[in-house]
Every structure is written in structure tokens, then in C-alpha cells.
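The values are calculated or read from the model by the stated rules, or taken from the named source; none is laboratory data. What you see is a predicted model; the values in this text were computed from it and never measured. Heads up, the Cβs are rebuilt from the backbone with ideal geometry, glycines too, and the neighbour counts pull from every protein chain shown. In case anyone asks, the SASA skips ligands and DNA or RNA and just uses the protein heavy atoms, side chains included. Shrake-Rupley method; radii C 1.70, N 1.55, O 1.52, S 1.80 Å.
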Amino acid sequence: MLRREILTIAALSLLPVVAFAQDTVKIGLILPMTGQQASTGKQIDAAVKLYQAQHGTTVAGKKVEVILKDDTSVPDVTKRLAQELVVNDKVAVLAGFGITPSAMATAPIATQAKVPEVVMAAGTSSITEASPFVVRTSFTLAQSAVPMAEWAVKNGIKRVVTMVSDYGPGIDAEKSFSDRFKAEGGTIIENLRVPMRAPDFAPVLQKAADTKADALFVFVPSGAGAQFVKQFVERGLDKGGMKLIATGDVTDDDQLAGMGDAVVGVINAHNYSANHDSALNKSYVEAFRKANGGLRPNFMSVGGYDGMHLIYEALKKTGGDASGDKLMAAMKGLAWESPRGPISIDPDTRDIVQNIYIRKVEKKDGELYNVEFATIPNVKDPVKAAKK
Ligand code: VNL
């Protein structure tokens with residue numbers, strides 16, 4: 001073959017690739033699909049797939065393609081994957097992020113590449129401040145911990161010991177709970193922490209028991225709740241008179257059904273329960289279970305589902321223009337009904353505004369659920385609100 005012919009063939013074969021690239025909006029979805037946070041990856045991946053099955057894969061004339069990568073919840077891996085997705089795959093959006101360190105490691109890439117980073121799981125307040133391209137559809141820990149502290153004070157709990165996972169979201173939960181509890185007249189006896197990776201709760205649980213506090217306030221990340229409850233029960237703490245109160249990460253729908261009767265009556269605060277009473281949530285839970293062998297959706301799943309909704313609605317607003325600046329502008333202020341209730345993106349902080357529910361673990365039709373009994377509407381991240 002002549003050199004010129006080869007070149008022509010090569011050039012022609014490139015054409016459809018170029019056209020395809022322009023008509024396709026790629027989302028790089030980075031999740032922990034294996035390792036300690038695998039349940040979070042599984043829930044979000046399933047929710048993203050459900051969203052596309054229900055809403056189609058074309059928006060504003062563009063095909064939306066999701067590229068899933070497993071970061072095993074190791075932040076250096078998250079960062080490398082984010083770089084590859086931006087440089088090689090030319091993704092228009094980075095999404096997912098099972099834990100705070102992964103979201104943080106990606107923020108400089110989002111800034112440099114001007115690619116929106118949609119945080120669907122991680123909950124440390126400061127993540128949205130790490131880049132103007134970060135937007136969050138999950139939650140912050142202070143959103144749950146502050147209402148939990150207020151409920152505790154109003155319900156006669158006077159002396160509390162806290163126990164959290166020793167990293168970003170745990171430190172936010174500890175501080176926001178303790179500050180509000182003290183401001184309302186309560187006493188914090190001790191702030192205990194456990195390692196985030198492979199935690200053994202036994203030694204801290206012993207310390208907590210020794211304080212003879214009225215209540216133990218706990219945050220552990222999604223996926224660690226069952227192990228915590230097991231050790232809580234093994235130490236006999238469920239019968240010791242010290243109440244257990246928590247953020248809803250502990251009584252996670254993903255694991256709650258297997259936690260046993262020891263958690264019946266546990267009061268906790270959070271943004272989502274599979275038992276949330278709305279028509280939209282009922283159909284969401286049913287569709288999610290049907291598509292995933294009966295799996296119950298948890299709060300991580302709605303972070304993924306709503307993250308997809310945010311991207312789809314932003315693309316509609318820009319008429320399919322997926323440039324980072326335009327997408328970010330379109331995302332600010334969007335409001336919609338989620339399976340968890342009404343939510344919006346705060347245009348000033350790019351963080352989620354949502355209802356927080358006070359719930360009690362109860363048995364319904366033989367299964368454990370977080371049953372909502374009080375609603376604090378439209379909660380903005382209290383950490384950012386306090387800085388203003
Ligand atoms: C984080 C926060 C992760 C809350 C969680 O589960 C959670 C985080 C994996 O920011 O790392 O329930």
C-alpha cells in the first residue's frame with residue numbers, strides 16, 4: 001500500500017472516533033468496589049445503573065457513558081484513576097468517592113482540569129472547599145450530629161461519651177455533636193476515637209462503659225456498623241443502661257437487618273431511610289431491590305442516584321454543553337425531590353441541603369428499619385453555616 005493510502009485510511013478510521021467523542025459525555029465513576037468500603041461502591045454503582053435504566057442514556061442529544069473504576073478506597077489509587085480518566089478518557093465529570101481521603105485526593109485534579117467532581121458518598125465538611133469544582137450529593141456529618149445533640153438534650157440525656165472513626169468525617173461528627181451538646185448545657189465526659197482501617201472497638205467500648213455516661217454517641221462509616229454493634233453486644237453494653245445514639249451511618253440500611261434485636265430502640269439522625277414514607281421512595285426501593293437480588297438501598301445509594309440526577313439536569317440546562325464551568329454553573333441551586341425527600345444544591349457552597357430525620361430502629365414486618373419520627377427541614381451544612 002502507498003504511504004498516502006495508509007494515511008488516508010488511518011485518518012478515516014479516526015473520524016468516527018472524533019464524532020463519537022463529541023456526542024458522548026463520559027462520567028468517570030470512581031468507587032471502592034473491593035476492600036473495606038465495598039458495600040458503598042456496590043450501592044452507588046447499583047443506583048447509578050438504576051438511574052440510567054429509568055431515565056435512559058441520552059440527555060440533551062448526548063449519550064451519557066459511565067466508566068466505572070475500582071479505587072479499593074486507597075486515595076493514591078483514586079488520584080491516579082482520576083488523572084487517567086481525565087487525560088486518556090476525556091471524561092466531562094468525575095463522580096463517586098467512597099471516603100473523604102479519596103475525594104480530597106481528587107480535588108486538585110478537578111481544579112486543574114476544570115472537571116466537576118460530584119461527591120456521592122464522602123461526608124467531611126471541608127471537601128467542598130477543596131476545589132470550586134466539587135459539588136456534593138451525599139451529606140455532611142454535622143448535618144446529622146447537630147440534630148442528634150439537640151434531640152439528646154431535649155430528651156434528658158445529660159452526660160455523653162463519644163466514639164468516632166479517627167479521620168475527617170469522624171472528627172467532624174465528634175466536634176459538631178460535642179459543641180452543640182455543650183452549648184445546650186450537656187456534659188461531654190470523653191471523646192474516644194478508633195482507627196478507620198480494621199477497627200477493634202473492644203478497648204474503647206470498655207473505656208466508654210467505665211465512664212457510666214447516660215449515652216454513647218457513635219459515628220462509624222457505612223459498612224462498619226455491624227462489627228461495632230457485635231462488639232457492643234459482646235461487652236453486654238446493650239444491657240448496661242447506657243443509651244446508644246448515633247448518626248445513621250451506624251444503623252445503615254445495608255446492614256441493619258442483620259444487626260439483631262440489640263439495636264431495637266436505638267435513636268439516630270440521618271438523611272435517608274429505606275423506610276422513608278413517600279411514593280417516590282417506595283417505587284425507588286422496589287425498583288432497586290428488583291434490580292439487585294433483593295438488596296435494600298441505603299443512604300449511599302441515594303447519593304449516587306441523586307448525583308446522576310444532578311448531572312442529567314445540568315446537561316439539560318446547558319443544552320448538552322459539558323464544559324466544566326457551564327456544568328458547575330448549571331448545578332448550583334438545582335432543587336428536586338429525592339427518594340430521601342426534598343433536596344437542593346446550595347449555590348454558595350455547592351453542598352447539599354436536605355431534611356434530617358430523627359429515627360428509631362423498629363421491627364416492621366419482621367425486619368429492622370430506621371423509622372422516622374421527626375423532621376428537621378432543609379438543613380445546610382452546620383460547619384459552613386457557623387463560619388459565615
Ligand atoms: C465517609 C463518611 C464514609 C460517612 C462513609 O462510609 C460514611 C467519609 C463509607 O467521608 O469517608 O458513612
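Note on segment 91-109: among residues that are open to solvent by less than 10 Å² (accessible area, probe 1.4 Å) and without any contact (Cβ under 8 Å) to a residue 40 or more places away in the chain, the one that is nearest to the ligand (Cβ to nearest atom) is Ala103.
Answer yes or no as to whether Ile188 is outside any loop (DSSP other than H, G, I, E, B), away from the ligand (no atom under 12 Å from the Cβ) and open to solvent by 10 Å² or more (accessible area, probe 1.4 Å). Yes; evaluated as a whole, the condition is true for this residue. Taking the criterion of being within 23 Å of Pro199 (Cα to Cα) and not in a helix (DSSP H, G or I), would at least one residue in segment 274-296 satisfy it? For segment 274-296, residues within 23 Å of Pro199 (Cα to Cα) and not in a helix (DSSP H, G or I): absent.
Mind checking which residues of segment 5-62 are within 16 Å of the ligand (Cβ to nearest atom) and either small (Gly, Ala, Ser) or modelled with pLDDT under 95 (or both)?
Taking segment 5-62 and keeping what is within 16 Å of the ligand (Cβ to nearest atom), we get 29-47.
Gly35, Gln36, Ala38, Ser39, Gly41, Ala46, Ala47, listed by residue number.
Has segment 150-161 got at least one residue that is within 15 Å of the ligand (Cβ to nearest atom) and at pLDDT 95 or above?
First, the residues of segment 150-161 that are within 15 Å of the ligand (Cβ to nearest atom): none.
So far as segment 150-161 goes, no, none of its residues is within 15 Å of the ligand (Cβ to nearest atom) and at pLDDT 95 or above.
Selection of segment 112-144 for residues being within 11 Å of the ligand (Cβ to nearest atom), surrounded by 24 or more Cβ atoms within 10 Å (Cβ to Cβ) and either small (Gly, Ala, Ser) or assigned to a strand (DSSP E or B) (or both) yields Val119, Ala121, Ala122, Gly123, Ser125, Arg136, Ser138, Ser144.
Ser338 meets each of the listed conditions (1) within 12 Å of Thr137 (Cβ to Cβ); (2) touching a strand residue (DSSP E or B) at 6+ places or on another chain (Cβ under 7 Å) apart from (2).
In summary, Pro75 fulfils each of the numbered conditions (1) within 16 Å of the ligand (Cβ to nearest atom); (2) closer than 21 Å to Ser323 by Cα; (3) touching a Pro at 6+ places or on another chain (Cβ under 6 Å) with the single exception of condition (2).
Select from segment 122-153 the residues that are of a type in the set (Phe, Trp, Tyr) and either within 12 Å of Asn271 (Cβ to Cβ) or in contact with a Lys or Arg (Cβ under 9 Å, 6 or more places away or on another chain) (or both) and list them in ascending order. Working first, answer last.
In the first step, residues of segment 122-153 are kept if they are of a type in the set (Phe, Trp, Tyr); the result is 133, 139, 151.
Result: Phe133, Phe139.
Quick check on my filter: what residues within segment 230-254 are within 15 Å of the ligand (Cβ to nearest atom) and free of Cβ contacts under 8 Å to residues at least 40 places away in the same chain? Answer for segment 230-254, where residues must be within 15 Å of the ligand (Cβ to nearest atom) and free of Cβ contacts under 8 Å to residues at least 40 places away in the same chain: just Val250. Scanning segment 191-223 for residues that are in contact (Cβ under 8 Å) with a residue 60 or more places away in the chain and exposed (fewer than 12 other Cβ atoms within 10 Å of the Cβ) yields a count of 2. Of all residue pairs spaced 6 or more apart or on separate chains, those with beta-carbon atoms under 8 Å, a first member in segment 312-339 that is touching a residue at least 60 places away in the same chain (Cβ under 8 Å) and under 15 Å from Leu94 (Cβ atoms) and a second member that is among the aromatic types (Phe, Trp, Tyr) and surrounded by 16 or more Cβ atoms within 10 Å (Cβ to Cβ) are Gly324/Phe133; Met328/Phe133. Considering only residues in segment 71-90 that are hydrophobic (A, V, I, L, M, F, W, C) and open to solvent by less than 10 Å² (accessible area, probe 1.4 Å), the one that is nearest to Asp23 (Cα to Cα) turns out to be Leu85.
For segment 163-183, indicate whether the set of residues that are part of a loop (DSSP other than H, G, I, E, B), closer than 24 Å to Val74 by Cα, touching a strand residue (DSSP E or B) at 6+ places or on another chain (Cβ under 7 Å) and open to solvent by 30 Å² or more (accessible area, probe 1.4 Å) is non-empty. Within segment 163-183 (the criterion being part of a loop (DSSP other than H, G, I, E, B), closer than 24 Å to Val74 by Cα, touching a strand residue (DSSP E or B) at 6+ places or on another chain (Cβ under 7 Å) and open to solvent by 30 Å² or more (accessible area, probe 1.4 Å)), the answer is yes, since at least one residue qualifies. A count restricted to segment 360-388 and to residues that are assigned to a strand (DSSP E or B) and either closer than 23 Å to Ile127 by Cβ or more than 18 Å from the chain's Cα centre (by Cα) (or both) stands at 17.
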